[in-house]
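S.K.: Below is one structure. I have some questions about it.
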Amino acid sequence: MNQRNLTSRQRAQFVEAVLELKRTGRYEKYVTLHAEYFASDGESGLRIAHMAPTFFPWHRQFLLAFERDLRRLDPDVTIPYWDWTRDRSPNSALWAADFMGGNGRDSDGQVMTGPFAYGYGNWPVTHGVTRERYLTRNLGRPYQPVALPTKAELDDALAIPVYDAAPWNSAPGTRGFRNRIEGWTVSEAKGGYLHNRVHQWVGGHMIGGSSPNDPVFWLHHAFIDLVWVRWQRLHPASGYLPDRALGRRDPEHGRVISADEPMPPWDTRPSEMFDHRPFYTYEEN
Ligand code: CU1
Ligand code: CU1
């Protein structure tokens, strides 16, 4: 459900389950797994989580695994989503001290309020990009301001009828819904398109492969997952592409996963992730 509709009790339950997972040490595997699968076009080998058609199904499986872990600790917990077209301000209740906590401070970006502030001792960052052990944020990136994507921008992307297209990567010319939503097709200065720009807007740990260090990662990606659901509803005749394995002569052969090939590190095929309804439903508003 939309995080803005959570009761204070539900907010507390979500936070407590996340903290408990951290205490048990099981949270870190999500950070390291995500960092490991954060391969880009420039690198060789398979692209899975990012810059590839599997962006949506891979993250769906990733969120599902995380949610199952949380629900083992508290069966009432689900991952709420952050609709950044509506909750667009650092003053939003999303960033309150009883939920995600606030912005990083000016001097070093350290988050000082809320359950994930380093000072409270429950959220040491162990697999970050730097050696700092504290969680960092830089909401809105004041030195080079970046705005969260708007509803109009999201609607434009949702109108694209084709799921993805060759060369199935982050190239600016690559048309298709997936690349537009993932957001590589606008310059870094502008923060990229939709999904990427949200990472840039939050800043700090949310930028780069170890972004699950910031628990808001899950709320952002839950909304991205819902965006996929909405796109499917709008385009019932369009499906995941590529729908079959790329031929040996294809330059992207061995680099992208088609509908029925397994997505490492799981055995899951994208096709098993097309329909979210066997796993969960969304309360949308
Ligand atoms: Cu990711
Ligand atoms: Cu992301």
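The values are calculated or read from the model by the stated rules, or taken from the named source; none is laboratory data. None of these values were measured; they are calculated from a predicted model. With ideal geometry, Cβ positions are generated from the backbone for all residues, glycine too; neighbour counts draw on all protein chains shown. Ligands, DNA and RNA are excluded from the accessible area calculation, which covers all protein heavy atoms including side chains. Shrake-Rupley method; radii C 1.70, N 1.55, O 1.52, S 1.80 Å.
S.K.: Rolling a 1.4 Å sphere over the protein heavy atoms, what is the accessible area per residue of region 3-273, to the nearest Å²?
M.R.: On the way: 11510 Å² over 271 residues.
Ligands and nucleic acids excluded, the result is 42 Å² per residue.
S.K.: How large a share of the accessible area of the chain, in percent, is made up of carbon and sulfur atoms when the probe is 1.4 Å and the other protein chains stay in place? It would help to have the intermediate numbers written out before the result.
M.R.: On the way: 6360 of 12480 Å².
About 51 percent, which is the carbon plus sulfur part of the accessible surface.
S.K.: In whole angstrom, note down how far apart the Cα centers of region 1-27 and region 220-268 are.
M.R.: When both Cα centres are located, 29 Å separates them.
S.K.: By how many degrees, 0 to 90 and rounded to 10, does the Cα axis of helix 55-73 deviate from the longest principal axis of the chain?
M.R.: Between the helix axis and the principal axis of the chain, the angle is about 40 degrees.
S.K.: Also, quick follow-up: Output needed for region 133-285: three equivalent-ellipsoid semi-axes, defined as square roots of 5 times the C-alpha gyration tensor eigenvalues, in descending order, whole Å.
M.R.: Working: eigenvalues 143, 68, 60 Å².
Value: 27, 18, 17 Å, ordered largest first.
S.K.: Take N122 and D155, extend 7 Å from each Cα along the Cα→Cβ direction, and tell me the distance between the two endpoints in nm.
M.R.: My value for the distance between the label points is 4.0 nm.
S.K.: Using the Cβ atoms and a cut-off under 13 Å, what net charge is assigned to the surroundings of H253, where Lys and Arg are +1 and Asp and Glu are -1? Write down the numbers at each step before the final one.
M.R.: Details: positive: R47, R244, R248, R249, R255; negative: D250, E252, E261.
Overall, the nearby charge balance is +2.
S.K.: Follow-up question, since we're still on this one. For region 36-178, what mean projected area does the convex hull of the alpha carbons give, in nm²?
M.R.: On the way: hull surface 45.2 nm².
Convex hull of Cα atoms, orientation-averaged projection: 11.3 nm².
S.K.: Give the relative contact order (percent, whole number) for region 13-79; include only Cα pairs under 8 Å separated by 6+ residues.
M.R.: Numbers: 51 pairs, mean separation 23.7, N = 67.
RCO, region 13-79: 35 percent.
S.K.: Okay, next question. Within 10 Å, Cβ to Cβ, of R269, how many net charges do the neighbouring residues add up to if Lys/Arg are +1 and Asp/Glu are -1? List each step's numbers first, then the result.
M.R.: On the way: positive: none; negative: D260, E261, D267, E272.
For residues surrounding R269, the net value is -4.
S.K.: What does the charge count near R71 come to, summing +1 for each Lys or Arg and -1 for each Asp or Glu among other residues with Cβ under 15 Å from its Cβ?
M.R.: For residues surrounding R71, the net value is -3.
S.K.: Under the rule of -39500 (n - 2.57) per DSSP H run of 4 or more residues, summed and divided by the residues of the chain, what mean residue ellipticity at 222 nm is obtained, to the nearest 500 deg cm²/dmol?
M.R.: Values: 7 runs with 86 residues, N = 285.
Rounded to the nearest 500, the figure is -9500 deg cm²/dmol.
S.K.: Can you tell me the alpha carbon radius of gyration of the chain divided by the globular rule-of-thumb value 2.2 N^0.38 Å? Write down the numbers at each step before the final one.
M.R.: Working: Rg = 18.2 Å, N = 285, 2.2 N^0.38 = 18.8 Å.
Cα-based Rg divided by the globular estimate yields 0.96.
S.K.: So if I restrict to the alpha-carbon atoms in region 198-278, what is the Rg, and what is Dmax, the biggest pairwise distance, in Å?
M.R.: 15.6, 42
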